[in-house]
Amino acid sequence: DYEESNLIDDTFTSYNLQMIMIINNENKVVWKKIFDVSFENEIELEAFTREKILQGHPAMQFEDKVPLESRNKAGIFLSENGPLLIASRPILTSSNEGPMMGTFIMGKFLSEELIAQVRMQAEVPLKIIMSDLSDDFSTLRAAIKENNGSYIKTAKKELTAFSTYQDIDLKPAFIVQTNFPREITEKGLAALKTSFLLMIITSFTVLIILYYLLRQSVLNPITILTDFILYLK
């Protein structure tokens, strides 16, 4: 009954989600549906096949020290169809208590449209550099690591800043690039330090906005749909 009334195609488009999964305590997929970015076709993602889920998944690895009702996990997961923003939480009783009855997972692709939205809200020329699409990825990663998490490339008229965004396993997912105009003045060194500070602030701003979008687009729908499950119980 819950599936027929709530897990319908309109639920995906209304919340702008491409993936919903319900998994029991034996790591078996009870229900799953994944769409492409355009919501036109159902697809399969290798990392979310029933066989892979049985082996355990990063989205299901909750921290034991966190109270059960507060456990959730969210972040970027790199799939063959591009970066996927995923969030998961345990399914609890109607009083929000244990025992845990399974895991609810949702996700949406980090599409060009979503990146454009982040770019507009951050008001910076933001670019995402993927490892499989750029020959310079390894070089940039090495430069970022050498410079303690951020790297600035200087040019005559602008500064280009790079920082790494980690995936749900805390591994480098992609590189965030931003550009700043650079005016050559007598205080060029001070300008460079100021731009470096702006780059750090911008990087944090981008991460905060991505987290905000993830929370609004993924975590909140999980809460709402979980409440539906608890209400039906």
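The values are calculated or read from the model by the stated rules, or taken from the named source; none is laboratory data. All values reported here derive from a predicted model rather than from experimental measurement. All Cβ positions, even for glycine, are placed from backbone atoms using ideal geometry, and neighbour counts span all protein chains on display. For accessibility, only protein heavy atoms count, side chains too; no ligands or nucleic acids. Shrake-Rupley method; radii C 1.70, N 1.55, O 1.52, S 1.80 Å.
Tell me the relative contact order for segment 53-181 as a rounded percent, counting alpha carbon contacts under 8 Å between residues six or more apart.
Relative contact order here is 20 percent.
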Exercise. Based on the alpha-carbon gyration tensor of segment 1-70 and its eigenvalue square roots a ≥ b ≥ c, which shape applies: rounded if a/c is under 1.5, prolate if not and a/b is larger than b/c, or oblate?
Worked result: prolate
For this session: Could I have the simple spin-label model distance between Met101 and Glu40, label points 7 Å from Cα toward Cβ, reported in nm to one decimal?
Result: 3.9
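Is the shape of segment 49-146 rounded, prolate or oblate, going by the alpha carbon gyration tensor and its root eigenvalues a ≥ b ≥ c, with a/c under 1.5 for rounded and a/b larger than b/c for prolate?
Prolate.
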Problem set entry | Accessible area per residue in Å² at 1.4 Å probe, computed on segment 37-136 | 56
